[in-house]
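Comments concern the structure below.
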Amino acid sequence: MHGFNFLLTAYKAQVLSETHNNFPSDYANELLFHVQTVDTQDNRESDCGGCDVLWILVDVLKEKGFLTTGGKSLCPPDEYAERARVDNRTIVVIRHEGAGYRTRFKPGASHCDYGVEGPDSFDVRWILSQLGTFVGVEVLELIFGPNDLIFHYGGWQGGKGFNKYENILQVTRNPFPGDETDISKELFYNKNRSGIAWMWRKADFFHKRDSVKRIYNQKGIAATKMLDRGRQDKLALLQYEYFIIYDPFSYWAYIAGMFGTVPIVYPLENTTKYEWIMSLWCGPYVKQMGLDNIPGVAYGWDQKEIEHARKTMHELRPFLFRVKEWGADVTVLRFTRDCYRYRHGQRQNFEGGMLRDVAYPKHTWKDIPVGQWSQHSPK
């Protein structure tokens, strides 16, 4: 495990050395970030991972020394806008891919126009869910502008064949010291386990239900269905030997693995394990670090996969901490440097940022499905 820690440390040092000599050390003083959130701060820990990461980004940007606000409002509070004016800062507004979908933003507008005497501002689109899942190709024309700066949360979202891990902006809450998965070795290695727990979650987005196999029906092994939604006792997983999750992108697989319960992800149709890993939030980290697998997780009910998961589950929690560190220390700072470049007129050759028509060339729009929200869109 020390080798992987050294690899990440060496990469961070390389990035710092490459940017130190030709990048101002005080560039944070030229920017003010506002993250448009979905929930209020009081509800930030609701059962909505995408909602929560918006607030986590607020926290991480503050920890890195950037003046940052967050909230459901389109623009930062007036006192922050005044601070930006006085300090000659540019306001960078970070919006998820669906923000403004129902109210129809004007494409390419900053939406925070403070007039000639006010501070400059521009929007960044942070695509948290693959286009076509909740919102689809329609947003590219309806509410995205051609010069909008775009970042993705995971490696799968940029259309067919998209694997530019430099374009990732990623923060995660879990795991953290003392969380509910931070259990003793006695509990983790407890052999008094039996049966299968299984969960469906958001599998309907990724599988055709009539083609899904009931792999939880294993001869001689009792199976129990867990609730798909709502708060439930995660420690209940400690009694099971296996956990099957049909949602290929659910964090529950990793929760199970950190509890010592063998997690088995139901495989995507015509998708290899490596292709699936590349589609995960941790895929860009795996690719950038030159890895070819992740520890502690089986892909399908396959004995070799189950054995791999069982033998490497103890490595899963440290692995997730490294992914979390990479997100905060590499992707967030890379993102802020590109925002500084955008403020100064740069529109290409970013470290990671991409404009709309670079990330999504128009000839690829036909490959992106209409999103699930389309049925609710205003007429």
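Laid out as a table, the results:
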read-out: Counted residues, the stretch 315-347 - those being in contact with a strand residue (DSSP E or B) (Cβ under 8 Å, 6 or more places away or on another chain) and of a type in the set (S, T, N, Q); value: 2
read-out: Those residues of the stretch 257-306 which are under 28 Å from S211 (Cα atoms) and basic (K, R), in sequence order; value: K273, K304
read-out: Matching residues, the stretch 288-301, being surrounded by 14 or more Cβ atoms within 10 Å (Cβ to Cβ) and not β-branched (V, I, T); value: Q288, M289, L291, P295, G296, A298, Y299, G300, W301
read-out: Any chance G220 is among the small types (G, A, S) and within 21 Å of V323 (Cβ to Cβ); value: no
read-out: Which listed residue is part of a loop (DSSP other than H, G, I, E, B) and touching a residue at least 24 places away in the same chain (Cβ under 8 Å), from N217, N270, N190; value: N190
read-out: Residue in the stretch 232-240 that is open to solvent by 50 Å² or more (accessible area, probe 1.4 Å), among the hydrophobic types (A, V, I, L, M, F, W, C) and at pLDDT below 90 present; value: yes
read-out: Within the stretch 193-230, considering residues that are over 21 Å from the mean Cα position of the chain (by Cα) and aromatic (F, W, Y), the one surrounded by the most Cβ atoms within 10 Å (Cβ to Cβ); value: Y216
read-out: Where V92 falls short, out of the listed (1) modelled with pLDDT under 95; (2) in contact with a Cys (Cβ under 8 Å, 6 or more places away or on another chain); (3) not in a loop (DSSP other than H, G, I, E, B); value: (1)
read-out: Odd one out for T181, checked against (1) assigned to a loop (DSSP other than H, G, I, E, B); (2) within 22 Å of F319 (Cβ to Cβ); (3) in contact with an Asp or Glu (Cβ under 9 Å, 6 or more places away or on another chain); value: (3)
read-out: Residue pairs meeting the criteria (Cβ under 8 Å; at least 6 apart or on separate chains; first in a helix (DSSP H, G or I), in the stretch 287-310; second of a type in the set (K, R) and open to solvent by 20 Å² or more (accessible area, probe 1.4 Å)); value: E305/K273
read-out: Scan of the stretch 241-254 for residues that are open to solvent by less than 40 Å² (accessible area, probe 1.4 Å) and of a type outside the set (A, V, I, L, M), ordered by number; value: Y242, F243, Y246, D247, P248, S250, W252, Y254
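Listed here are the residues, each with its yes/no results for (1) at pLDDT below 95; (2) open to solvent by less than 80 Å² (accessible area, probe 1.4 Å); (3) at negative phi.
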| site | (1), (2), (3) |
| --- | --- |
| H2 | yes, no, yes |
| K12 | yes, yes, yes |
| E18 | yes, no, yes |
| S25 | yes, no, yes |
| G49 | yes, yes, yes |
| T68 | no, yes, yes |
| R83 | no, no, yes |
| A99 | yes, yes, yes |
| R102 | yes, no, yes |
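One line per residue, one yes/no per condition, for (1) over 19 Å from V135 (Cα atoms); (2) part of a loop (DSSP other than H, G, I, E, B); (3) open to solvent by 50 Å² or more (accessible area, probe 1.4 Å); (4) at pLDDT below 95:
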| site | (1), (2), (3), (4) |
| --- | --- |
| V330 | yes, no, no, yes |
| T336 | yes, no, no, no |
| C339 | yes, no, no, no |
| P378 | no, yes, yes, yes |
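The values are calculated or read from the model by the stated rules, or taken from the named source; none is laboratory data. Note that the structure is a prediction, hence the values are computed from the model and not measured. Cβ atoms come from the backbone with ideal geometry, glycine included; neighbour counts cover every protein chain shown. Areas reflect the complete protein model, heavy atoms only, side chains present, ligands, DNA and RNA absent. Shrake-Rupley method; radii C 1.70, N 1.55, O 1.52, S 1.80 Å.
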